[in-house]
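Each value in this text was obtained by applying a stated rule to the coordinates, not by laboratory testing. For clarity, every value in this text was computed on a predicted model and none was experimentally measured. Counting neighbours? That spans all protein chains shown, and the Cβs are built from the backbone with ideal geometry, glycine included.
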Amino acid sequence: MSHEMRFCPSCATTLQRVAQQEDGGLKERLRCPACDWTHWGNPTPVLAAVVENDDGQVLLARNALWQEGMFGLITGFMEAGESPEAGICREVQEETSLRVKALRILGSWEFLRMNQVLIAYHVRVDGEVKLSPELVEYQWKTPQEARCWPSGTGYALAHWVRSKGLEPQFGAFRPNQSPEPDPAKWPLQHWSHDERFVLPPQW
Ligand SMILES: [Zn+2]
C-alpha cells in the first residue's frame, strides 16, 4: 500500500509540485502554496542487528509475513527520543527477549524501494530467545554456515562474517532474486593507505 502525501500536515491545503531554488539548484518538490511547508520525503531510519551469542553464532529470524525459508536480521524502526544504539537494544529485547551486553556499528545502507536508511549493529547478547509475535521461527548459524544476501541487512551480515576472518558467501534472499552482490558494495574496495577505510561509491 502506498501513502502519497496529498495535503499539508500544517494547514491542510492541497500540496502542489513547485520548483524552488535550493542549495543543489532548482528542485521540484511537493510544497504547500499557502504556508510554504515542504514535503522533503526524507528516508525513515531502520535499525538492524547481527545478534551473536557466546558460541559465536548469529541469530536469523523469519518474519510472520515472509514465506518459509526466508530468514533475516532483527530489525525495527528507530523511535523519536532515542539514540540508534538505545533503539537497537530495545528492538532486540522486544523481538527476541535477549539483552544486549555490547554493540558496535557495522555500517549504513539505503533501501530505496521503502525510502528507508538502514543502520546496522553487531550486538553480543545474554539470555534465552523468546520471539515476539512478529517473528515465527529462528535459527543460529555459524559464520561458516551464514549466507549473506544482496541488500543492506545482507551486507551487514557480510561485514560480520568477514570480521571472523572468512569470505562471505552470497545467496538469494527470496526465490528468483539475484544472489550477486552489488559490485559497488561488495567486495569492499579498500583505500590503499588504510584498509579500515573503503572507497566511496561513484556519484
Ligand atoms: Zn500549509
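A compact table of results
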| item | result |
| --- | --- |
| So Trp37, is it among the aromatic types (Phe, Trp, Tyr), surrounded by 12 or more Cβ atoms within 10 Å (Cβ to Cβ) and within 21 Å of the chain's Cα centre (by Cα) | no |
| Residues that are in a helix (DSSP H, G or I) and of a type outside the set (Val, Ile, Thr), drawn from segment 146-171 | Gly152, Gly154, Tyr155, Ala156, Leu157, Ala158, His159, Trp160, Arg162, Ser163 |
| Some residue of segment 10-18 being among the charged types (D, E, K, R), within 16 Å of the ligand (Cβ to nearest atom) and more than 19 Å from Gly127 (Cα to Cα) | yes |
| Whichever residue in segment 72-105 is part of a loop (DSSP other than H, G, I, E, B) and under 26 Å from Arg174 (Cα atoms) and, among such residues, is nearest to the chain's Cα centre (by Cα) | Leu73 |
| Arg29 being under 29 Å from the mean Cα position of the chain (by Cα), loosely packed, with under 15 Cβ neighbours inside 10 Å and of a type in the set (Lys, Arg) | no |
| Subset of segment 90-109 (residues that are among the hydrophobic types (A, V, I, L, M, F, W, C), surrounded by 14 or more Cβ atoms within 10 Å (Cβ to Cβ) and out of contact with any Asp or Glu (no Cβ under 9 Å at 6 or more places or on another chain)) | Val92, Leu106, Trp109 |
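Residue by residue, here is whether (1) touching a helix residue (DSSP H, G or I) at 6+ places or on another chain (Cβ under 9 Å); (2) hydroxyl-bearing (Ser, Thr, Tyr); (3) part of a strand (DSSP E or B); (4) within 16 Å of the ligand (Cβ to nearest atom) holds:
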{"position": "Leu30", "(1), (2), (3), (4)": "no, no, yes, yes"}
{"position": "Cys35", "(1), (2), (3), (4)": "no, no, no, yes"}
{"position": "Val46", "(1), (2), (3), (4)": "yes, no, yes, no"}
{"position": "Ala49", "(1), (2), (3), (4)": "yes, no, yes, no"}
{"position": "Asp55", "(1), (2), (3), (4)": "no, no, no, no"}
{"position": "Leu60", "(1), (2), (3), (4)": "yes, no, yes, no"}
{"position": "Leu65", "(1), (2), (3), (4)": "no, no, no, no"}
